[in-house]
Amino acid sequence: VQLQACGGGLVQAGGSLRLSCAASGRTFSINSIGWYRQAPGKQRELVAGINSGGFTNYADSVKGRFTISRNNAKDTVYLEMNNLKPEDTAVYYCRAVPLRGTDYWGQGTQVTVSS
């Protein structure tokens, strides 16, 4: 499985961005996909996830502001980010967890929120 993440950029506080994570290869093996982020000097953390049943989960810090969704026909997962805050600044990664075997990570996409 290969993951291609894109959509990051520079935005002012209060603005919005939409990240995309396009999967290719053995996508039928994917059980769930999550978005993670890592800010300088901090550990990578889960932002939001969605599984094959459509169940979603969010970090408390983004609840009510971020929405994860997927387009099965395009094998793509999106992260809609609204009301962005400077503390959302980080490199965002998508991760695919298969039913079996090791997980897969996409390359990161930088999100920078200016105050």
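The values are calculated or read from the model by the stated rules, or taken from the named source; none is laboratory data. Just so it is clear, the structure is predicted and the values come from calculations on it, not from any experiment. Here the Cβ is made from the backbone with ideal geometry for all residues, glycine too, and neighbour counts use every protein chain on show. What goes into the accessible areas is simple: the full protein's heavy atoms, side chains included, and nothing from ligands, DNA or RNA. Shrake-Rupley method; radii C 1.70, N 1.55, O 1.52, S 1.80 Å.
Things to note:
- Matching residues, the stretch 26-43, being touching a Gly at 6+ places or on another chain (Cβ under 9 Å) and not in a strand (DSSP E or B): Ser29
- Single unsatisfied condition, Gly7 versus (1) open to solvent by 60 Å² or more (accessible area, probe 1.4 Å); (2) closer than 19 Å to Gly108 by Cα: (1)
- Pairs with Cβ under 8 Å, 6+ apart, first in the stretch 82-105 and without any contact (Cβ under 8 Å) to a residue 24 or more places away in the chain, second aliphatic (A, V, I, L, M): Asp103/Ala96; Asp103/Val97
- In the stretch 44-80, residue most open to solvent (accessible area, probe 1.4 Å) [restricted to those that are modelled with pLDDT under 95 and outside any strand (DSSP E or B)]: Lys74
- The one condition from (1) open to solvent by 30 Å² or more (accessible area, probe 1.4 Å); (2) at pLDDT below 95 that Val1 does not meet is (1).
- Among the residues of the stretch 85-92, some residue qualifies, meaning at least one is modelled with pLDDT of 95 or more, closer than 14 Å to Cys21 by Cβ and assigned to a strand (DSSP E or B).
- Selection from the stretch 41-63 of residues that are free of Cβ contacts under 8 Å to residues at least 12 places away in the same chain, closer than 23 Å to Gly15 by Cβ and not basic (Lys, Arg): Tyr58, Asp60
- Of the listed requirements (1) modelled with pLDDT under 95; (2) open to solvent by 60 Å² or more (accessible area, probe 1.4 Å), Pro98 misses just one: (2).
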